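Following: one structure in structure tokens, then a few remarks.
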Amino acid sequence: GNSVTQMEGPVTLSEEAFLTINCTYTATGYPSLFWYVQYPGEGLQLLLKATKADDKGSNKGFEATYRKETTSFHLEKGSVQVSDSAVYFCALSARGGYQKVTFGIGTKLQVIP
Amino acid sequence: DAGVTQSPTHLIKTRGQHVTLRCSPISGHKSVSWYQQVLGQGPQFIFQYYEKEERGRGNFPDRFSARQFPNYSSELNVNALLLGDSALYLCASSLVRGDNNEQFFGPGTRLTVL
């Protein structure tokens, strides 16, 4: 079956530091890949996505590149802010039709001033 | 446009009771999915409905059931509640058109079972 493995947190960074959260996946075929963010007490928000190999998803300074050869989709940001403190989920969805989203365990990011 | 809405926001029940959670999808979305997120974990897939038919089911006991109405809203029902059912229940809607299966999540219903 499909699965997502992401680094466990918490990750604590100082403001303006560089962020990397690793994510690898196991899936048949070519899944779509996602990063979701969950702020305290809230639901999930889609942060970025990529639907085919070598695609780069980007949003709000965050980036992730779909690497089929390494089955990875690592999340990066060059300079984090306190407002980026949240839990980040890597996820995948098989192509076509009625496909569920499979999530990783989530990585909690805390950015300190 | 309004996003996915869920009700109630919070709910407290005791063991053995029954609960019904409700979800309204984004206008034009015909698919609704339900997920359970236990504290400290990622969401786990429970059900997906499209055009009022069940299209997918996760590894959950028969105490969990759902349905979708003609207006595409949905209910999730859980019978004989257990302490372990305490979680955030998320609803997501999607277009399900070709490869466009991006899901949009609601704010969730936080269920506490005492």
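Which ones in the stretch A:44-89 are part of a loop (DSSP other than H, G, I, E, B), within 17 Å of residue A:7 (Cα to Cα) and polar (S, T, N, Q)? Residues satisfying the conditions are A:70, A:71, A:85. Scoring residue B:49 on the criteria (1) open to solvent by 30 Å² or more (accessible area, probe 1.4 Å); (2) of a type in the set (Ser, Thr, Tyr); (3) at pLDDT below 95 leaves a single failure, condition (1). Exactly one residue among B:73, B:33 is within 21 Å of residue A:2 (Cβ to Cβ) and among the small types (Gly, Ala, Ser), and that residue is B:33. Filtering the stretch B:6-46 to residues that are under 15 Å from residue B:75 (Cβ atoms), open to solvent by 70 Å² or more (accessible area, probe 1.4 Å) and either more than 13 Å from the chain's Cα centre (by Cα) or at pLDDT below 95 (or both) leaves only B:18.
Filtering A:81, A:38 for residues that are at the interface with chain B (Cβ under 10 Å from one of its Cβ atoms) and on the phi < 0 side of the Ramachandran plot leaves a single hit, A:38. Within the span defined as the stretch B:50-58, every residue fails to be free of Cβ contacts under 8 Å to residues at least 40 places away in the same chain, assigned to a strand (DSSP E or B) and of a type in the set (Ser, Thr, Tyr). Among the residues of the stretch A:90-108, just one is open to solvent by 40 Å² or more (accessible area, probe 1.4 Å) and not in a loop (DSSP other than H, G, I, E, B), namely A:108. Under the condition of being of a type in the set (Phe, Trp, Tyr), over 26 Å from residue B:5 (Cα atoms) and surrounded by fewer than 18 Cβ atoms within 10 Å (Cβ to Cβ), the residues counted in the stretch A:9-60 number 2. Of all residues in the stretch B:91-99, one or more are within 13 Å of chain A (Cβ to nearest Cβ), touching a residue at least 40 places away in the same chain (Cβ under 8 Å), in a loop (DSSP other than H, G, I, E, B) and under 17 Å from residue B:26 (Cβ atoms).
Check the stretch A:64-71 and report whether any residue there is in contact (Cβ under 8 Å) with a residue 24 or more places away in the chain, more than 18 Å from residue B:43 (Cα to Cα), within 10 Å of the chain's Cα centre (by Cα) and more than 11 Å from chain B (Cβ to nearest Cβ). Yes: the stretch A:64-71 contains one or more residues that are in contact (Cβ under 8 Å) with a residue 24 or more places away in the chain, more than 18 Å from residue B:43 (Cα to Cα), within 10 Å of the chain's Cα centre (by Cα) and more than 11 Å from chain B (Cβ to nearest Cβ).
Residues of the stretch B:68-83 being part of a strand (DSSP E or B) and over 10 Å from the mean Cα position of the chain (by Cα), which ones?
Listed by number, the residues that qualify are B:68, B:78.
Of the listed requirements (1) within 14 Å of another protein chain (Cβ to nearest Cβ); (2) within 15 Å of the chain's Cα centre (by Cα), residue A:95 misses just one: (2).
The values are calculated or read from the model by the stated rules, or taken from the named source; none is laboratory data. Note that this is a predicted model, so its numbers are computed, not measured. All Cβ positions, glycine included, derive from the backbone under ideal geometry; neighbour counts span all protein chains shown. All accessible areas refer to the heavy atoms of the entire protein, side chains included, with ligands and DNA or RNA removed. Shrake-Rupley method; radii C 1.70, N 1.55, O 1.52, S 1.80 Å.
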